[in-house]
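This report concerns only the one structure given below.
Every number here is computed from the coordinates shown, using simple stated rules; none is lab data. In this text the structure is predicted, and so the values were computed from the model without any measurement. FYI the Cβ positions are ideal-geometry reconstructions off the backbone, even for glycines, and counts take in every protein chain you see.
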Amino acid sequence: MNIFRPVWAEVDLGALRRNLKRIQQYAGSEIMPIVKADAYGHGAVEVVRTLKEEGITRFGVAILEEALELRREFPDIALMVIGPTLSKYSEILVKEEIIPEIFQIEQAEALSAAALKLNKTARLHIKVDTGMGRTGFRENALENIQKIAKLPGLYLEGIYTHLATADSTDLSYAKQQLKIFDDLYEKLCAAGIKISIRHAANSAAIMQIPESHYELCRPGIILYGLLPMDHAGQEAGFEPVMSLKTRISQLKTIEKGESVGYGRTFIADRPIKVATLPIGYGDGLRRSLSNGGEVLLKGKKARIIGKICMDQIMVDVTEIEEIQEGDEAVLLGRNGDLFISADRIAEQCGTISYEILCGISKRVPRVMVESK
Ligand SMILES: *Cc1c(COP(=O)(O)O)cnc(C)c1O
């Protein structure tokens, strides 16, 4: 794709590699990077290619479409869908060797039928709801898993659960969930059902709950360098991978009493210098940053003024000397000594960094860089 407009998201694959190494210091078990939602907006294909070079062989996505996109590029990796897949697509799962999570008997039966029809073995992971209240077997989990274990053509490789409060300072609920999970696993073993891979840990649990690491961990956000909880400090050792950048389209002076943008929500109370940047909410820049969001230019902070448009924003650059049209502006990431984090933007928008990262829209080209 040609890039005509100077707006791009820089993805630092060096930082990604270092984040993986850091995760491996927290947890000794196998790592299954979570690359759902286009690797949290970073570009799943490039992220998988990079982590594969670091020895990772298994990846998790949220939906079948994402798994198929990766399967086309990477015929030899293990791919798991950590979310519901409709039973009617069982043959695709079997044919493409994609591991589903199974939380209903009918799903398992359909998968078994597809495996027999295609004369293959279907690998699956059982999903147990231990307190997240999302997908997963809950009551009668033991009986249901026993039934599934009897179906032909299936390989019950894994069993897993998801923790609702692994990011909390109070880990009692998470430990209660793990207790339910352990009890079930013990009963399965006693019933002669041996499942070799147990998993429960997202990023927060990797950092805070060693007993949740089992045979496999599922890091998402920390791979991309953001922290899942406020109380973790810089010593956690993760580096943000994505930056969002653009260049000034035009500089102008707005006189006292004149307005900027739709609805005239900003009126200058003195003559000011205004820069227009060619990026807007169509690129995932939240409109709630209108009259308040920050942009870095020449190592200084400038404030967004007026309403954010679909494709453009205006910033007050009165205090920034020697600024010129074409100068680089940073909306996310580092510029000189200053840094805008996805957490900072999330705080201003009343959300979490995850939503900011995967909200950077498809229209923004991802440019891969590799820092040492
Ligand atoms: C998204 C997701 C993860 C990764 O969560 P992070 O908080 O980003 O580490 C792990 N497991 C499941 C089931 C998920 O849905």
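A few remarks follow.
- Sites Glu186 and Lys301, calculated FRET efficiency, Cβ-Cβ separation with R0 45 Å, nearest 0.05: 0.20
- Cβ-based charge dipole, the chain, positive-most Cα from Gly220, Met368, Ala329: Met368
- Per residue, the average separation of C-alpha pairs within less than 8 Å and at least 6 apart gives the range 179-337 a relative contact order of 19 percent.
- What you get for the chain, charging only the Cβ of Lys and Arg (+1) and of Asp and Glu (-1), is a dipole of about 460 debye around the Cα centre.
- Pairwise centroid distance, computed over Cα atoms, of the range 207-274 with the range 78-97, Å: 35 Å
- Candidates per GluC sites (Glu not before Pro) in the range 202-286, loop by DSSP, up to 15 other Cβ within 10 Å: Glu215, Glu255, Glu258
- Potential extension, Tyr262-Leu338 segment - 0.36 nm per residue separation minus Cα distance: 24.4 nm
- When DSSP beta bridges are restricted to pairs lying wholly in the chain, around 50% turn out antiparallel.
- Karplus 3J(HN,Hα) series, Hz, for the range 333-345 with 6.51 cos²θ - 1.76 cosθ + 1.60 (x for Gly, Pro): x, 9, 8, x, 8, 9, 9, 10, 9, 5, 5, 4, 5
- Cross-link partners for Lys179 among the lysines, with Cα-Cα distance under 30 Å and sequence neighbours closer than 8 places in the same chain left out: Lys21, Lys36, Lys127, Lys147, Lys150, Lys187, Lys194.
- Under 5 Å, built H, 5+ apart or other chain: amide partners of Ala62: Lys36, Ala37, Ile82
- Close amide H contacts of Tyr155 (hydrogens built in the peptide plane, cut-off under 5 Å, sequence separation of 5 or more or a different chain): Ala122, Arg123, Leu124.
- Amide H contacts for Asp311 (H built 1.01 Å from N in the peptide plane; partners 5 or more residues away or on another chain; cut-off under 5 Å): Tyr281, Gly282.
- Of the trypsin sites (Lys or Arg not before Pro) found in the range 201-306, those in coil by DSSP whose Cβ has at most 15 other Cβ atoms within 10 Å are Lys256.
- Pairwise label distance in nanometres, Asp76 with Gln176, each label 7 Å out on the Cα-Cβ vector: 4.7 nm
- For the range 296-365, a crude dipole built from +1 on the beta carbon of Lys and Arg and -1 on the beta carbon of Asp and Glu, taken about the Cα centre, is about 280 debye to the nearest 20.
- Length-normalised contact order for the chain - Cα pairs under 8 Å, 6+ apart - percent: 19 percent
- Potential lengthening of the chain between Glu109 and Glu235 amounts to 40.6 nm, from the contour at 0.36 nm per residue minus the alpha-carbon distance.
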